[in-house]
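Reviewing the structure listed below.
The values are calculated or read from the model by the stated rules, or taken from the named source; none is laboratory data. Keep in mind the model is a prediction, meaning the values are calculated, not measured. Neighbour counts are summed over all protein chains in view; Cβ atoms, including those assigned to glycine, are modelled from backbone coordinates with ideal geometry. Surface areas here come from the heavy atoms of the whole protein model, side chains and all, with no ligands, DNA or RNA. Shrake-Rupley method; radii C 1.70, N 1.55, O 1.52, S 1.80 Å.
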Amino acid sequence: MSSALAKGSSSRFAAPSKNDMTAASQSTATATPLLHPIQIKPNPLAQSARHAFPALLAGLFVVRFRALVADPVWAMATTLMLSAVLQVAYAVICLPPAGSSQGGAARAARKPRPGEKKRVGFESAAGPNAIATSLLSLILSGLVTPFLYICLVLFGAPFLTHTAHTLLCAAHLSVLALFPLFYVHGVDAVSWAAVGGFSAPLDETFGGLVGALVGAWLGAVPIPLDWDRDWQKWPVTILCGLYAGYLLGRELGGSSLVWGKRF
Amino acid sequence: MPPPQPTPKKAVPAPDYKTVAAQWAAAKRAKEIEDADRKDVDDEKEDRGQVSEREQRRARLEAARKAGYQARWLWTTGFWVWMTCIHLVGIACFTSGFLLTRLVLEDKARCDEPPTGNSSVPHLLPAWPGKGTVDGGCWHPRTFERAVIVVIDALRYDFTVPVEDNAPFHNAFPFMYETAVREPRNAFLRPFIADPPTSTLQRLKGLTTGTLPTFVDLGSSFSGTAIEEDNLLMQLRDAGKRIVHLGDDTWEALFPGYFVGNLSRAYDSFNVWDLHTVDNGVMEHIFPLMSRKDEWTLLVGHCLGVDHAGHRYGPNHPEMTKKLRQMDDFIRRLAATVDDKTLLVVMGDHGMDEKGDHGGESDDEVQAALWMYSPKGIFGRTKPEYVVPPSTAKIRPVNQIDLVPTLALLLGIPIPFNNLGRPIEEAFAGADGTAWENLAAVERMTAAGIKRYQTSYFTVRGIEQSSAPGSPADLWDKAEALISKGGKLDWAAVFSAFASYQEGTLRRCKELWARFDLKNMITGIVIMALGVIVLLLYVASGGDDDVIDDPELDLAERTLELQGVKADAEVAPSDLDKRLVSPALLGALPGFFGGVIHSFVSGEGDWYRGSTLAALTSIATVMVSMPDVRIAAWNILPKTLWGWLALVFTISQSVGFASNSYTIWEDSILLFFMTTFGFITALSALRLPSLADRYLSIYHSVLFVLLGRLASFSKLCREEQMPYCSSTYYASSTSSTSAPWQLVIPFLVCIILPSIIKAYLQQTRSYEGLAPSWIGYVFRTGLFMSALYWLLDSADNGNWIPGLPDKTVKTISVYTAQMVLGLALVAGTTAFIWAPPCVSIVTSALPSQPGKAQVAILGYANAHGARYLLLPLNILGACFLLSKPMGAGALGVMIWQILSLLEILDLNNLSTSPIGPVMLAVLGTFHFFKTGHQAVLSSIQWDSAFIPLFTIRYPYTPIIVALNTLAGQILATSAVPLLVLWKAGPKRKRVLESVSRALGAFVAYFAVESLATMLWAGHLRRHLMLYRVFSPRFMTAAVALLAVDVVVIVVALAGVRVNTMAVGEVFGWAE
C-alpha cells in the first residue's frame, strides 16, 4: 500500500514544470502545510450528527458486546454491516468528500499547475458525488483489509487458525479508521504520505485513525492475563480497544483543543 | 508531504562508487600535497628538511593519538569492570536473602534415647527381644536385616502402572505393578512425591535425611557437598554396618567415606549421552553381591539410564521403551534373588517433564514411583481397595521423606534427628492390614521424633512455638491426651491423631522455611537500582557531543596540526571514564575495609558486608564526581519519539514481570514490541526527504518485522502456556530430538546467509579485504559443518546406519563439532585480529581529465562496520553449532534482523538514539526464547555440553552450556558496537565513547529487567507461582545480565579496540 502511494508522489515530482522548479525542490519543506485539517460541514445537520454518530457507534458496540463474546465471528460480521452503514451516513452528512472545495485537503490551497491533467477519480467534472465517493471509499476499505489482516498476523495474531476472526477484526479497523480518510482524501498520494507519516494535522478523520491504532495496540494488553474470562477471547479486546480508541480519537481530534495541531 | 528534516542527514554515503571516491578525494588531498612535496624534494633542500620535520611531527601525532586511544580504552574498560562488579554484588546480595535457607542442626538421634523417653508412656508396644539395640531394633522391632535400594533416576509414576495408550514410555515396566496386585503381602506400589527442586542431589538429601530441601542448596548441584545432617546412612555407619554403593557418583559426593571401598562402584553421573554405562555397571556388580549378603547391610544401586534417555531423547522415543524394558527385566531378576531377611526398595527420585527434563515442580517432575518387595509377606492394606496400586499419582501418594522413618524402623535403626516424614502405612499394617496398635506405635514414635526436632529448632532460632488451636503443638497435646486416658485404646484414632500432628508440622515447616532475609534483599535491590541510575547518567552525560563528520573541516584541522599551529597532541578530550573509575576505586576502599572490619569485630564474619558497603560507597563517590549530574539527569528523559519508544518497551516489560501471565507469555510480547518498532519505522520512513531512502527504509522495516514473525514459529512452550501453545522446537512435544525436516534448516542457512551478508556489505562496496574469503568460504564452511553435525547427530540417535561399530558416528560428530568451534573461535579470533579493513584501493582514469589517475577506496564509508561485522559472525558460528537445528535457523534470522536494524537506524539517522541498543536487547531476549529456551530451569539444554565433548570437562562444559542458553543475548551484545560502527568511515571521531554509550543503553535494558524481576520476586515472595514463574525469571535475568556484562568487556570492547587499531593503522588515527 505505502509503496503504491509513494510511487504516486514520485511521479508528481518527476517532471515539474520550469516555473515550479524552486517550489518542487523545496517541496519537502513546503508541501506539508498544504494539508489542511478537515472541517465538518458547517450546516446544522452535520454539526449535530457529528456527535450523534459516535454515540450510535458506541451504543451499537455496547449492545453487541454480549453477542461478540458469545460468538465473535457472527457478531463481528453483523456489527460490521451496521458500523459500515453508520460510517457511510456519517461521511455523507458530515465530511467533505475528496475533491470538493474544502475536502481533498492537499489540493484545496494549491492552484492547478499549468498543463496539469485533470485528475481522474472521484472528482468528476460536476464536482464530487457524496454517495459515489462513499461507495468507492468503502470498496477501498475492503481492498486494504487483507493488508491489515497481514499486519495483525505480524503483530502476533494466529497465523493459520482464527482466520475469520482476524479478517473481520481487520475489516472493522478498515471501516472505522480508514474509510473516513479515503472519503476525504481519495487516493491522493501526498495526503496519504502525510497521514502515514503522522505529519497530517489532527482532525476527526486523522484523530480517529491515531486513536484506533493506539486503542487496538493497547487492546492486546489484557489477552495474556490468566483471568479466564470469556471476553479475553481473540479478538474481543482488540475490537474493544479499537472502538474506544477510535471514538475517543475522533472526538478529541475534532475538538477545538487539538484540531489542526500536528505531532 | 513529510516535514523538513530538522537535522540535515549526516554524510551517509549513497551506495555509489563516485560518492565514495569523492569523499576520499578530500581526504586524499592532504596526502597528495605531501607526495608532491616528496617528488620535488630533490629541487630544494630546504624543503626536504621541512618535509622530514613534518613527517616526524605527523608520526609523533599519530603515536600520541594511538597511545591516547589505548589509555582511553583502558579507562573505559575499567568503568565496565566496575559496573560488572556492582551488578555482581547487587545480585549476590539479593540472592543471599532471597534463596531460602534452613538452619542445619547437628544433633544425632541415638538408639538408646527414643524421643518418647520423657513421656509417661514411653512405648505403646510391649517390650521385644533386643529392644534398644540396633540388632533387635532401637525404637521398633527390627523387621529386616538388610535392604537393597535401587534408585531408578527419573522413574515417573505413570511408567510403572498400566495406561491405555501406545506411548513408548507406558506399559514397558509392568513387573512392579503385577507383583503388587498378584502378591499384595510381598509387594506394594505407590506414587512417591518429591519435594521440589527435583534435581538428583536435592532428592538424595531428602531421601536420606527426611528434611525439606531449600532453594539455596540447588546451586551446589554441580559440586556436591557432603551431608552433615543426621541421616540413614550415618546411622547405619555409626552402628558399624557396612554400606555398598553402585552407580551414580552423586552418592560418593554426598557420603564420602561411607561405602565399603572394594565393593562399591561409582560412575560419572552427568554424561547424559551415555545411556548404558551406569546401568550396566550396576547390573554387573549387584548380582554377585546378592549372593554375598552377609557382607553388607545396605546396598544402594542408582541407575541413570532412564533419566539420560529422557534428557537425550525425551520420553516419547523407542530408546525409552528399551530402557524401561531393560529395567523391568533387571528388577524381575533382582527380586528373584531376595530372601526373607532382605527388603528390596525400588524407587524414582523424581519424574520428568514431557520433554524428559526435570528440576522444577510441575506434576510430571515430582511424581515418582515407590515399590517395596520382600518374600517375607509382611505388607498389608488397611482397606481392601488399596491392593491395586493407584491409577494416577494423584491418588494415595506418599511423600519421599516418608521413606526415611519407614526404612529406619524396618531396619531397626533410630529415625534421623531432622526427619519430618511419617511411616508408610503398608509396611506396618501387618499382613492382614489390621495391626492398628503397631501403626499407632510407629506413628507416635515418629511424631515424637519430629516434636523433639521442632523444639530444638525453635530453641536455636529463638522463635516461640504457637499453641493456638489447630497448631502442631495443639494437635500433639490432643494426641497425647488420647493415650494418657488409659484403658482400652482406639488405636486407629491414636494413629490418625499423630498422623495429623505430622501433617500439620510438615505444612508449617514448609511455610517456615520460606523465610527471606529482607535486609539483604533490600540492600541488593538498592545497589542494583543505584547501578541503573549511574548507567543512565553515564549514557545521558555525553549525548550532546554529536560528532560532525566533515571531511573538509577534518582536513583543515589536520593541516594545521601538521604545520604545528595547533598545539601538540592535545588528544585527550574530556574522558568521562577516567573521571569515574578513580573515584569508584577510591570510594570502594573505605567501604570494603570498614565492612570487613565491622563483620570481624561483630563476629559475623560474612563477606557480604564488606562488598555491599564497598559497592554503596563506590557508587556514591561516582555519583558525586559525575560531571554535570543535573544536566545528565535532565537528559535521561527522552526527547524524541524514539527515546520514548525505548523507554516504553523497557518499562512496560519490566512492569509486566509483576504478573505471572506476562512473564509466561514474554516471547509473544517481545514479538509485539518488535513489530511495533518495525511499523513505526516504516511509517516514519514516509517523512524521509529522499525517495530512495524511503523505499529502503520501508523495505528494511518490513523485512525486520517479517523475519521476526518467521522466527516466532520456533517455539518451546512452557507448561503454563498450555493449551494455547504448541512446541515446534523439537520433533514432538514429548521429544528432545529434531524432526528430519528440521535438519534441513541449518543447510538452508548455510546456503542463504553468507549471500545475504554479502549483499549488505556490497551496499557500501565493503565486500573487500578479508570479507569475501572469510564470509564466502570459511564462515560458510563452518555453517555447513554445523549442519552436518546435526545430521550426524540425528543419524546417531535414530541409528540410521546400522552395522557401524558402536560410537563411530558419535566420534565423527564430536570431532566435526570441535573443528567448527576451532574455526569460529580460534581461527576466527586470529583472523579478526590480523584482518585488514574491508576496503580495496582502485585506480582509474578520471573521466574529466583522462590524463590523471583517480584513486578510489572501495568500502571507505563503512570501513569500521564492515570489518567489525566479522566478530559477531564468529560468535554466530559458535552459537549456530551449539543450538539445535531450529535454534540455528532462529539465529540465522537474528543476524539478518540485526543487519536490517542497522540499515533502518542509519536511514532514520538514529545511530545515537537509545532505541537501537534497546531493540537489539529486545531482539537478543526474543531469540533466547526462539532458540528453545524458557525462563524455567528445566529448559536448560544440558545435553548441549556433549556436542563438542565426550565427557564433562571444566571449564569448557559451563561455557558451552552458556553459549547454548544465552546465544541470543551474547550475539546481540557482540553486535552492539555495530550500531555506532556501521557506515562509519575511518575518520569517525570518538568511536569508543559512542560505543561505550550504546553499550550503556544496552546493558541498562538488562539491568532494568534484573532489577524489576528482583523487585517483583521479592515483593511476591509468598506468591503461589514464586518458584514456578518469578524466581526462575529473576535467575534468568540475573544470569543474562552478568553474561552480557562479561561479553561487553571480553568481546565488544576488546573487539572495538582491535578494530579501531586495524583501521587506524591504515587510515591514520581519528580522535
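Applying the condition of being of a type in the set (A, V, I, L, M) and without any contact (Cβ under 8 Å) to a residue 40 or more places away in the chain to the stretch B:946-991 and asking which residue is most open to solvent (accessible area, probe 1.4 Å) yields B:Ile959.
Can you say whether B:Val855 is surrounded by 24 or more Cβ atoms within 10 Å (Cβ to Cβ), in contact with a strand residue (DSSP E or B) (Cβ under 9 Å, 6 or more places away or on another chain) and either at pLDDT 95 or above or in the same structural domain as B:Gln762 (by TED's automatic domain parsing) (or both), as far as the supplied structure shows?
Criteria not met by B:Val855.
Among the residues of the stretch B:576-630, which ones are of a type in the set (S, T, N, Q) and at pLDDT 75 or above? Within the stretch B:576-630, B:Ser582, B:Ser611, B:Thr612, B:Thr617, B:Ser618, B:Thr621, B:Ser625 meet the criteria. Here B:Tyr724 meets each of (1) assigned to a helix (DSSP H, G or I); (2) within 14 Å of chain A (Cβ to nearest Cβ); (3) closer than 30 Å to B:Gly314 by Cα with one exception, condition (1). Pick from the stretch A:205-222 the residues that are of a type in the set (Gly, Ala, Ser) and more than 9 Å from chain B (Cβ to nearest Cβ): which of them is farthest from A:Tyr183 (Cα to Cα)? Taking the candidates together, the pick is A:Gly219. Going through (1) under 21 Å from A:Gly99 (Cβ atoms); (2) assigned to a helix (DSSP H, G or I); (3) open to solvent by 30 Å² or more (accessible area, probe 1.4 Å) one by one, A:Pro146 falls short only on (1). Residues that are open to solvent by 10 Å² or more (accessible area, probe 1.4 Å) and of a type in the set (A, V, I, L, M, F, W, C) within the stretch B:416-438 comprise B:Phe417, B:Ala431, B:Ala435, B:Trp436, listed in sequence order.
Residues in the stretch B:157-190 that are open to solvent by less than 10 Å² (accessible area, probe 1.4 Å), touching a helix residue (DSSP H, G or I) at 6+ places or on another chain (Cβ under 8 Å) and of a type outside the set (Gly, Ala, Ser): how many?
Keep residues of the stretch B:157-190 that are open to solvent by less than 10 Å² (accessible area, probe 1.4 Å), which gives B:157, B:159-161, B:172-173, B:176, B:179-180, B:187-189.
After this cut, where a residue has to be touching a helix residue (DSSP H, G or I) at 6+ places or on another chain (Cβ under 8 Å) as well, the list is B:159-161, B:172-173, B:176, B:179, B:187-189.
When the remaining residues are screened for being of a type outside the set (Gly, Ala, Ser), the result is B:159-161, B:173, B:176, B:179, B:188-189.
Going through the stretch B:157-190 one residue at a time, the tally reaches 8.
Residues that are open to solvent by 30 Å² or more (accessible area, probe 1.4 Å) and more than 30 Å from B:Tyr1027 (Cα to Cα) are absent from the stretch B:646-664 altogether. The number of residues in the stretch B:496-515 being more than 18 Å from B:Tyr457 (Cβ to Cβ) and either open to solvent by less than 30 Å² (accessible area, probe 1.4 Å) or at pLDDT below 80 (or both) comes to 3. B:Val244 meets all of the listed conditions (1) assigned to a strand (DSSP E or B); (2) within 23 Å of B:Thr951 (Cα to Cα) but one, namely (2).
A residue that is crowded, with 19+ Cβ neighbours inside 10 Å and under 16 Å from B:Pro416 (Cα atoms) cannot be found anywhere in the stretch B:94-105. Consider B:Leu124 against the criteria (1) without any contact (Cβ under 8 Å) to a residue 60 or more places away in the chain; (2) open to solvent by 10 Å² or more (accessible area, probe 1.4 Å): it satisfies all of them except one. Which criterion is unmet? Here B:Leu124 meets the rest and fails (1).
A single member of B:Thr505, B:Thr523, B:Thr459 is free of Cβ contacts under 8 Å to residues at least 12 places away in the same chain and under 43 Å from the mean Cα position of the chain (by Cα), and it is B:Thr459. All conditions in (1) without any contact (Cβ under 8 Å) to a residue 40 or more places away in the chain; (2) at the interface with another protein chain (Cβ under 9 Å from one of its Cβ atoms); (3) not in a loop (DSSP other than H, G, I, E, B) hold for B:Gly708, with the sole exception of (1).
Scanning the stretch B:683-694 for residues that are open to solvent by 10 Å² or more (accessible area, probe 1.4 Å), small (Gly, Ala, Ser) and more than 7 Å from chain A (Cβ to nearest Cβ) yields B:Ser690, B:Ala692.
Of the listed requirements (1) at pLDDT below 90; (2) within 13 Å of another protein chain (Cβ to nearest Cβ), A:Leu257 misses just one: (2).
What's the number of the only condition in (1) open to solvent by 20 Å² or more (accessible area, probe 1.4 Å); (2) modelled with pLDDT of 95 or more that A:Leu242 fails to meet? If we test A:Leu242 against (1) open to solvent by 20 Å² or more (accessible area, probe 1.4 Å); (2) modelled with pLDDT of 95 or more, just (1) comes out false.
Listed by first and then second residue, the pairs linking a residue in the stretch B:900-928 that is not assigned by TED's automatic domain parsing to the domain that holds B:Ser974 to a residue that is among the hydroxyl-bearing types (Ser, Thr, Tyr) and open to solvent by less than 10 Å² (accessible area, probe 1.4 Å), with Cβ atoms under 9 Å apart and 6 or more places separating them unless they lie on different chains, form an empty list. Residues in the stretch B:799-843 that are assigned to a helix (DSSP H, G or I) and more than 22 Å from B:Phe880 (Cβ to Cβ): 2 in all. Taking the criterion of being buried (at least 18 other Cβ atoms within 10 Å of the Cβ), over 23 Å from B:Gly132 (Cα atoms) and among the hydroxyl-bearing types (Ser, Thr, Tyr), the only residue of the stretch B:439-495 that qualifies is B:Tyr457. Search the stretch A:169-187 for residues being part of a helix (DSSP H, G or I) and among the small types (Gly, Ala, Ser), and hand back the single one that is surrounded by the fewest Cβ atoms within 10 Å (Cβ to Cβ). If we take residues in the stretch A:169-187 being part of a helix (DSSP H, G or I) and among the small types (Gly, Ala, Ser), then A:Ala171 is surrounded by the fewest Cβ atoms within 10 Å (Cβ to Cβ). In the stretch B:749-771, the condition of being within 30 Å of B:Gly356 (Cα to Cα) and not assigned by TED's automatic domain parsing to the domain that holds B:Phe169 is met by at least one residue. Is it the case that B:Val622 is assigned to a helix (DSSP H, G or I) and either within 14 Å of chain A (Cβ to nearest Cβ) or open to solvent by 40 Å² or more (accessible area, probe 1.4 Å) (or both)? When the stated conditions are applied, B:Val622 does not pass them.
Name the residues in the stretch A:156-168 that are within 14 Å of another protein chain (Cβ to nearest Cβ), surrounded by 21 or more Cβ atoms within 10 Å (Cβ to Cβ) and not β-branched (Val, Ile, Thr), would you? Please lay out each step first, then the result.
Keep residues of the stretch A:156-168 that are within 14 Å of another protein chain (Cβ to nearest Cβ), which gives A:156-162, A:166.
This time we only want the ones that are surrounded by 21 or more Cβ atoms within 10 Å (Cβ to Cβ), so: A:156-157, A:166.
Those that are within 14 Å of another protein chain (Cβ to nearest Cβ), surrounded by 21 or more Cβ atoms within 10 Å (Cβ to Cβ) and not β-branched (Val, Ile, Thr): A:Gly156, A:Ala157.
Quick check: anything in the stretch B:97-109 assigned to a loop (DSSP other than H, G, I, E, B), touching a Leu at 6+ places or on another chain (Cβ under 9 Å) and at pLDDT below 85? Yes, the conditions are met somewhere in the stretch B:97-109.
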